[in-house]
Each structure stands twice: as C-alpha cells, then as structure tokens.
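Below you'll find the structure, written out as structure tokens, and then a few comments.
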Amino acid sequence: MADAVPRLERGHLEQLKIISARMHTLAHDPSRRAELSRLNNAFHRIFLDAAGNRALAASARHLVTPLLVAHVFAAYSSEALARSLMHHDELILAAEAGDAEWAEAIMTAHILSGLQGHRAARAAAEEERSGDPAGTPPALG
C-alpha cells in the first residue's frame, strides 16, 4: 500500500471512485454479490498494480481468488459489508491525500475486519448446522 499511493494517478483515483460507487449500489441486493466480488477485485487490483511489485500482485491474485471473495461477501452481514465499503471510501480519501501511512492503516483494518467477518459467518453457519447456539450454557440439573 505504501508503494502504491504515491504512484496512483488521477485516472486511477477516478476508477476507484467509479468502482466504489457501483459497489455501494450493489450492496443492497444480495443476489448481486458475485458482481460485487468482481468489483472488489478490480478495486484492489488498482492498488496492487500501482505498487509496481509484480510478484506481490500475482500472489495476491492467487490468494484472494474471486470465488473466495464471492463466498466471503455472500456470508457478510449487512453491517460487515457496509464497513468494508466504508474502508474502500477511506482508502480513496487517503490516496487522494497522498497519505500512504493512512492508506496502509485502513488496509490493515480492512483485512482484519474481513477476516473477522469471515470467522463470524463460519461460526454462524456451524451453529446453524448443529442447532446449538454458540455460547449456550449447559442445562443445570
């Protein structure tokens, strides 16, 4: 992220804004999560490509496959999705300000928040399968 921000040009920032606006529009329609995932990948690809580190970009593309991101987005609560999109908006603000530290801090929060959202969704799915709410104390007696 620190390498990308100084290299972002006006055209990159405009692309990020267009993608973000489209994502906000799609966020209200759960049936559009696959498209939302593709846009998310395009958003992050702009930063990865601007960083100028081909190995990093290639690794990130293989680690965060569209299928995985689509699965994560499908499981996100509306609050988690809103938070993710707010992170995108703040990444754009940081990039416009040319503040690589700010952008890096937001990206770290974005990744950790996404990880937590994935964990929460997985726990909820496990709870649903087992029929036993997590944290339910055993019956006394």
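Read-outs throughout are calculated quantities, based only on the coordinates presented, and are distinct from any laboratory measurement. Note that this is a predicted model, so its numbers are computed, not measured.
Some points to look at:
- Phi angles of the stretch 110-127 translate, via the Karplus equation with coefficients 6.51, -1.76, 1.60 and θ = phi - 60°, into HN-Hα couplings of 4, 5, 5, 5, x, 4, 5, x, 5, 4, 5, 5, 5, 5, 5, 5, 5, 4 Hz per residue; Gly and Pro are given as x.
- Whole-angstrom gap from the stretch 75-117 to the stretch 1-53, using each part's C-alpha centre: 11 Å
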